[in-house]
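The values are calculated or read from the model by the stated rules, or taken from the named source; none is laboratory data. In this text, all values refer to a predicted model and were calculated from it rather than measured experimentally. We place every Cβ from the backbone using ideal geometry, glycine too, and count neighbours over all the protein chains shown.
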Amino acid sequence: MSGETDVECQQSHGSASPQPHASGACSQSQGGFSQSHGPFSQPHGSSSQTQGMSGSSTSTVPTSSQSSHSSSGTLSSLETVSTQELYSIPEDSEPEEPVPAPWARLWALQDGFSNLECVNDSYWFGRDRNCEYCFDEPLLKRTDKYRTYSKKHFRIFREMGPKNSYIAYIEDHSGNGTFVNRELVGKGRRLPLNNNSEIALSVWSNKVFVFFDLTVDDQSVYPKELRDEYIMSKTLGSGACGEVKLAFERKTCKKVAIKIISKRKFAIGSEREADPALNVETEIEILKKLNHPCIIKIKDFFDAEDYYIVLELMEGGELFDRVVGNKRLREATCKLYFYQMLLAVQYLHENGIIHRDLKPENVLLSSQKEDCLIKITDFGQSKILGETSLMRTLCGTPTYLAPEVLNSLGTAGYNRAVDCWSLGVILFICSGPCQEVVDSGSKGTFYDRRSFKTSMASG
């Protein structure tokens, strides 16, 4: 039957003046062809083979067919095939619009929350599924504070300000409060967001995000080799030996602490020239090999205009703040913390390191829980600063120093017993009813109601 159909098709195409119904048949065939290519592909192939075998007569058939159908306004099957192939060729698609660069980034500080790069001008945060940032992580839903979060808790957005520059804001819509750097925003109110602002939900201590303004290029003050690996954030603390900043690893987004020590402040360069044996990089490599659960781990080191020491981050803050907040610690808590301090100092002494600067500010806590791991930091500073520079620094805060260290000013020899003295002072501070005294030379020192500080100075 297919052969007869092909012959009839050739005859109808070959006639000089096709009948009207033939043109209509071709139109239907064309319509059927365009709707279903598969059923017509085989008959069309048979027709082509027949035309190839019929010699010279075949050369006039397509010409006649093409001319006849051109005059009637319809297309032949050959032209239809050509048109079909043209339709199958994809047209050049328009180039995709580039994705806008983010103007801000939110770094998550807790499990259950994730980082967010702000591309849109406005973002809602809350338990409502219509929020751009929905609190729907299973891990987050299992936390005690999840029920304190509102369906629409807060909004972060930006508006055009003066000089054609944007200003970022946070707007509170919660029932239990949104806090920025411990300050309550207030329902229906807004506050401008500055770079490195901390955002907390429901209570000021429940910190969940750090706001990072990508339009502010304050990273340029740090050396390139450091910027290539870490993004610097807010200041965690500062002391006589330098300041500590929160930072994020670029590859993993893990949080670390980076201590910055000014070479100029301590005249480290001159001391290193006077003492060729004082090789900081070598000493840092030795310190990096220390491995103890109660000792802060040194992860990396950068020697540029200043020293940058990358440390593991302790989320619970300093023992100093824990003591100030509670005035005194429970006896069981003191025993737990002090036992860990003893293990850490014992490990340092076994590795030939005398701390010299043990104090509550240098004892860090792993979490906000009372029963937690503690870690000692700022060990081995004499290896970095040099003995003379370190002693000049420590004598500004003598409260925890052993008498022989103060009397010698670092010039006379002393042994590891000086750390035992400092540990005893820390134990007394943690267990006694102490009061805070703010000095001009230190973050804070303590004395009890019997004027402990005065007796220390006279002794």
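Scanning segment 147-168 for residues that are surrounded by fewer than 18 Cβ atoms within 10 Å (Cβ to Cβ), more than 18 Å from W204 (Cβ to Cβ) and of a type outside the set (D, E, K, R) turns up M160, G161, P162, N164, S165, Y166, I167.
Out of all the residues in segment 238-256, is one or more at positive phi and touching a strand residue (DSSP E or B) at 6+ places or on another chain (Cβ under 6 Å)? Yes: segment 238-256 contains one or more residues that are at positive phi and touching a strand residue (DSSP E or B) at 6+ places or on another chain (Cβ under 6 Å).
Only one of the numbered conditions (1) closer than 24 Å to M232 by Cβ; (2) in contact with a Ser or Thr (Cβ under 8 Å, 6 or more places away or on another chain) is not met by N176, and that is (1). Scanning segment 111-134 for residues that are surrounded by 12 or more Cβ atoms within 10 Å (Cβ to Cβ) and out of contact with any Asp or Glu (no Cβ under 9 Å at 6 or more places or on another chain) gives N115, E117, C118, V119, G126, D128, C131, E132, Y133.
Being in a strand (DSSP E or B), of a type in the set (D, E, K, R) and either over 18 Å from P102 (Cα atoms) or in the same structural domain as N115 (by TED's automatic domain parsing) (or both) is true for just one of E225, E198. Which residue is that? Steps first, answer last, please.
Details: E225 fails: in a strand (DSSP E or B).
After ruling out the rest, the residue left standing is E198.
Scanning segment 310-361 for residues being at positive phi and basic (K, R) gives a total of 2.
The rows are residues; the columns are (1) surrounded by 17 or more Cβ atoms within 10 Å (Cβ to Cβ); (2) at pLDDT 90 or above; (3) farther than 24 Å from K234 by Cα; (4) assigned by TED's automatic domain parsing to the domain that holds N206.
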| position | (1), (2), (3), (4) |
| --- | --- |
| I298 | yes, yes, no, no |
| F301 | yes, yes, no, no |
| E305 | no, no, no, no |
| E318 | yes, yes, no, no |
| D321 | no, no, no, no |
| R328 | no, no, yes, no |
| A332 | no, yes, yes, no |
| Y337 | yes, yes, yes, no |
| G386 | yes, no, yes, no |
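Confirm whether T143 is modelled with pLDDT of 95 or more, assigned by TED's automatic domain parsing to the domain that holds F209, surrounded by 11 or more Cβ atoms within 10 Å (Cβ to Cβ) and hydroxyl-bearing (S, T, Y).
Numbers: modelled with pLDDT of 95 or more: no; assigned by TED's automatic domain parsing to the domain that holds F209: yes; surrounded by 11 or more Cβ atoms within 10 Å (Cβ to Cβ): yes; hydroxyl-bearing (S, T, Y): yes.
No; evaluated as a whole, the condition is false for this residue.
Residues in segment 119-149 that are more than 19 Å from A108 (Cβ to Cβ) and either without any contact (Cβ under 8 Å) to a residue 24 or more places away in the chain or among the hydroxyl-bearing types (S, T, Y) (or both): S122, R129, N130, R147. With respect to being out of contact with any strand residue (DSSP E or B) (no Cβ under 9 Å at 6 or more places or on another chain) and either touching a residue at least 24 places away in the same chain (Cβ under 8 Å) or assigned to a helix (DSSP H, G or I) (or both), I286 fits the description.
Being touching a Gly at 6+ places or on another chain (Cβ under 6 Å), surrounded by 15 or more Cβ atoms within 10 Å (Cβ to Cβ) and at pLDDT 85 or above is true for just one of V210, V244. Which residue is that? Spell out the reasoning first.
Numbers: V210 fails: touching a Gly at 6+ places or on another chain (Cβ under 6 Å).
When all the criteria are applied, what remains is V244.
The listed residues are S238, S220, S205, and the only one of them that is part of a strand (DSSP E or B) and surrounded by fewer than 20 Cβ atoms within 10 Å (Cβ to Cβ) turns out to be S238.
A quick yes/no check of all residues on (1) within 30 Å of D218 (Cα to Cα); (2) basic (K, R):
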position: R105; (1), (2): yes, yes
position: A108; (1), (2): yes, no
position: G112; (1), (2): yes, no
position: F125; (1), (2): yes, no
position: C134; (1), (2): no, no
position: K141; (1), (2): no, yes
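Looking for something of a type in the set (V, I, T) and either in the same structural domain as A247 (by TED's automatic domain parsing) or not in a strand (DSSP E or B) (or both) - is there at least one such residue anywhere in segment 152-168?
Restricting attention to segment 152-168, the residues satisfying the condition of being of a type in the set (V, I, T) are 156, 167.
Among the residues that remain, those that are also either in the same structural domain as A247 (by TED's automatic domain parsing) or not in a strand (DSSP E or B) (or both) are: none.
No: segment 152-168 contains no residue that is of a type in the set (V, I, T) and either in the same structural domain as A247 (by TED's automatic domain parsing) or not in a strand (DSSP E or B) (or both).
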